[in-house]
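*Asks:* What follows is a single structure, and I will ask about it in a moment.
The values are calculated or read from the model by the stated rules, or taken from the named source; none is laboratory data. Just so you know, these numbers come straight off a predicted model, no measurement behind them. FYI the Cβ positions are ideal-geometry reconstructions off the backbone, even for glycines, and counts take in every protein chain you see. The protein model used for the area step is the full one, side chains on, heavy atoms only, and it has no ligands, DNA or RNA in it. Shrake-Rupley method; radii C 1.70, N 1.55, O 1.52, S 1.80 Å.
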Amino acid sequence: MSTVSPVELVETTQKPQMDLLRFATAGSVDDGKSTLIGRLLYDSKSIFADQLEAVEATSEAKGHDYVDLSLLTDGLRSEREQGITIDVAYRYFATPTRKFIIADTPGHIQYTRNMVTGASTADLGLVLVDARNGLTEQSRRHAVILSLLRVPHLVLAINKMDLVDWDEKIYEDIKAEFTQFATKLNIPDLEIIPISALKGDNVVNRSENTPWYEGPTLMHHLEHVHVASDRDLVDVRFPVQYVVRPHSDEYHDYRGYAGQVAGGVLKKGDEVVVLPSGMTSTIESIDLFDSEVDQAFPPMSVTVRLTDDVDVSRGDMIARVNNAPKPSQDIDAMVCWMTNEPLRPRQKLAIKHTTRSGRALVKDIQYRLDINTLHRDQETKELGLNEIGRVQLRTTVPLLCDPYSKNRTTGSFILIDEATGVTVGAGMINTGS
């Protein structure tokens with residue numbers, strides 16, 4: 001009997017649907033992120049005529065002799081007035097090959113937390129640099145964050161090449177500097193492309209101004225980068241979000257467990273264990289809204305029914321019997337701190353991990369990471385706004401977690417200020433014990 005790998009199984013199942021790529025833009029202020037996204041939307045014919053007319057009118061009112069495509073993504077009034085991005089702007093577009101969700105993240109250092117939010121679910125990170133300025137502190141910071149967030153694919157777009165007369169040496173110098181910097185990071189796939197977002201060179205169409213560049217255009221790379229095998233399709237992880245009990249005549253005895261598959265491939269007939277109780281059962285069916293499927297994989301949202309009447313509630317996790325995460329209350333993680341009040345030892349916070357909530361005590365801050373030099377400052381015992389460090393936590397409830405390097409969903413959590421309800425930190429788990 002022939003065997004089919006989980007990747008082949010998922011790819012075969014996905015063929016009737018168009019592939020989806022989530023990518024996040026990053027880089028310093030005024031490097032052209034919003035303009036680039038506007039160019040992608042414009043050249044892929046993904047904007048309506050009235051939107052284009054409004055942008056053209058605003059551009060003319062500002063005295064521009066060109067259409068300011070950045071206005072397509074800068075939606076806040078303060079953003080348009082300042083010509084910057086503050087919030088994370090999500091945009092959707094599609095080509096005949098693939099669907100895209102873009103997270104246009106801000107470049108200012110004080111909005112780094114917004115950049116973390118936008119990049120946390122990305123399959124690809126797109127870092128822009130201004131060819132005139134080369135690598136800056138913020139472009140390095142964003143590359144480090146993308147690496148820590150385990151974004152598997154990274155594109156360095158060297159923008160505004162038209163302002164340096166398409167100088168190949170400038171491109172090669174920036175490429176060499178960033179490639180050297182990237183050797184210190186965890187970046188498995190890197191592509192470096194010279195572009196002009198304003199004029200469209202090498203964005204969708206290949207530019208005649210770069211005969212020395214033999215790589216793909218940005219759009220071609222986005223359409224063809226392989227992401228199906230980036231997800232963990234071996235270790236079954238199904239955090240239960242909601243217990244479905246319709247209490248209707250038609251579904252009188254229906255009891256299902258709804259959630260989003262975080263890892264592995266769930267199949268009808270599989271023997272599973274419910275954590276943290278440790279009770280075992282078998283998958284009776286996997287239901288969508290109006291149909292039943294034989295298997296489910298990330299990031300499908302499904303309802304799972306079990307053959308046995310097992311006590312399952314929100315925050316529990318369904319996994320394979322011989323491949324389950326070990327519940328742990330001692331968490332070792334890299335934390336990005338997102339508020340002005342520093343993070344200090346003995347601090348108490350609320351924690352949310354997948355669908356499970358509890359409280360956490362900060363046991364220790366082992367070091368602060370200098371994002372420019374990657375030096376570990378072990379003398380600092382607190383983390384300030386936008387700083388990243390290694391933190392040890394003790395939680396009131398056991399977390400059903402994996403290392404972040406293994407699973408970005410079960411390996412991440414957020415920290416919440418109990419008094420205000422505001423998210424103040426994002427964590428990436430180093431170990432599950």
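*Asks:* Taking 0.36 nm per residue of separation and subtracting the Cα-Cα distance, what length does fully extending residue 378 through residue 308 add?
*Replies:* Additional length available on full extension: 20.1 nm.
*Asks:* Among the GluC sites (Glu not before Pro) in region 289-385, which ones are in a DSSP loop with at most 10 other Cβ atoms within 10 Å of the Cβ? Mind listing them?
*Replies:* Those satisfying the criteria are 379.
*Asks:* Turning to a different aspect of this structure: Output the relative contact order of region 348-433, whole-number percent, from Cα pairs under 8 angstrom with separation of 6+ residues.
*Replies:* 29
*Asks:* Hey, with R₀ at 41 Å, roughly what FRET efficiency would residue 224 and residue 249 work out to, going by the Cβ-Cβ distance, to 0.05?
*Replies:* Given R0 = 41 Å and the Cβ-Cβ separation, E is 0.20.
*Asks:* Taking residue 406 as the anchor, which lysines have their alpha carbon closer than 17 Å to its alpha carbon, excluding any fewer than eight residues away along the same chain?
*Replies:* Within the straight-line cut-off, residue 406 pairs with 326.
*Asks:* Another question about this same structure. Kindly report, to the nearest 10 Å², the accessible surface of residue 135 as traced by a 1.4 Å probe over protein heavy atoms only.
*Replies:* Estimated to the nearest 10 Å², residue 135 gives 20 Å².
*Asks:* Mind grabbing the accessible area of residue 243 for me, 1.4 Å probe, Å², rounded to tens?
*Replies:* Here the accessible area works out near 40 Å².
*Asks:* Averaged per residue, what accessible area in Å² does region 323-433 show with a 1.4 Å probe, protein chains only?
*Replies:* Value for region 323-433: 44 Å² per residue.
*Asks:* Please list, by residue number, every one of the chymotrypsin sites (Phe, Trp or Tyr not before Pro) in region 227-262 that is coil in DSSP and has at most 16 other beta-carbon atoms within 10 Å.
*Replies:* Those satisfying the criteria are 251, 254.
*Asks:* Could you pull out every one of the lysines with an alpha carbon less than 27 Å from that of residue 169, ignoring same-chain neighbours closer than 8 positions?
*Replies:* Those lysines meeting the cut-off are 33, 160, 184, 199.
*Asks:* For residue 348, give me every one of the lysines with a C-alpha distance below 16 angstrom, ignoring sequence neighbours fewer than eight places off in its own chain.
*Replies:* Of all the lysines, those that pass the test against residue 348 - Cα under 16 Å, at least 8 places apart if same chain - are 363, 381.
*Asks:* Quick check on region 342-433: what are the equivalent-ellipsoid semi-axes from the Cα gyration tensor, as sqrt(5λ), descending, whole Å?
*Replies:* Output for region 342-433: semi-axes of 21, 16, 12 Å.
*Asks:* In square angstrom, what is the accessible area per residue of region 153-247 with a 1.4 angstrom probe? Can you show the working numbers first?
*Replies:* Values: 4450 Å² over 95 residues.
That works out to 47 Å² for each residue.
*Asks:* With contacts defined as alpha carbon pairs under 8 Å and 6 or more residues apart, what's the relative contact order of region 112-154 in percent? Show your work: numbers first, answer last.
*Replies:* Values: 29 pairs, mean separation 23.3, N = 43.
Computed value for region 112-154: 54 percent relative contact order.
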